[in-house]
Amino acid sequence: MMVQIKHDLFRYEHLLASMKNLDEIKAFNVAKPSGKGLEYYLKESAEYEERQKLNRTYLVKAKDTDEIAGYFSLRAGLFTLEDGTDNPINFYAVPAVELSNFAVNSAYRTKHPEERKIGETMFRDFILPIARTVAELIGVQALYIYALPEDELIEHYSTFGFSRLEPELEEFVHKHVKPAYDESCIFMYQIL
């Protein structure tokens, strides 16, 4: 079931909604060196994870040109928090949606410099509505991301409503549910 979202400039679709998407993603580019893993994921892993139902990847396309402006991936997840007792094995799980991948296409941004705040548009107009619908359908409480450890990016995500945990709680999350490939990343979340 696709959440029906109306937007003037962009639309979104599943990666495998059209087989031509698999050719079109070859031109996707992340200019920042620290974001090259997001480009690699889209080109090398997204199709496999989509078919295995490990992740759902969405392409955000310009309505007028059908160019890929960005993409994001979502999956079911959880994170754990200490329950406030002194027993380190006591914790509770917070059911959540993980924003596992999120990138703007630098090639699109270069070609369309008049388009501003593409990432913010993707987040507010596509990602949040989908996460909120999931919360209504199956009962999740939060949206979370493992952000690259860059101050500018952490600050940027905080403008989207994401928060960091206190250092001790963040360490607890990292010990219990953080994937190995997000080893140096920063856990951030927001309540839905």
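The values are calculated or read from the model by the stated rules, or taken from the named source; none is laboratory data. Since the structure is predicted, the reported quantities are computational estimates derived from the model, not experimental observations. No Cβ is skipped: glycine too gets one built from the backbone with ideal geometry, and neighbour counts run over all protein chains shown. Quick note on the areas: whole protein, heavy atoms, side chains included, nothing else; ligands and nucleic acids left out. Shrake-Rupley method; radii C 1.70, N 1.55, O 1.52, S 1.80 Å.
Some points to look at:
- Criterion (under 25 Å from Leu59 (Cβ atoms) and of a type outside the set (Gly, Ala, Ser)) met by exactly one of Pro149, Pro129: Pro129
- Residue satisfying all of: in the range 92-124; of a type in the set (Asp, Glu) and farther than 16 Å from Ile5 by Cβ; modelled with the highest pLDDT among these: Glu98
- Considering the range 97-158, there are no qualifying helices (runs of 4 or more DSSP H) wholly inside with 3 or more residues that are touching a Cys at 6+ places or on another chain (Cβ under 6 Å).
- Sole residue being surrounded by 20 or more Cβ atoms within 10 Å (Cβ to Cβ) and of a type outside the set (Ser, Thr, Tyr), chosen from Ala135, Ala93, Ala107, Ala103: Ala103
- Criterion violated by Ala62 - all others in (1) modelled with pLDDT under 95; (2) open to solvent by less than 40 Å² (accessible area, probe 1.4 Å) satisfied: (1)
- If the condition is being within 20 Å of Leu153 (Cβ to Cβ), part of a helix (DSSP H, G or I) and open to solvent by 70 Å² or more (accessible area, probe 1.4 Å), then the range 1-58 contributes Pro33, Lys36, Tyr40.
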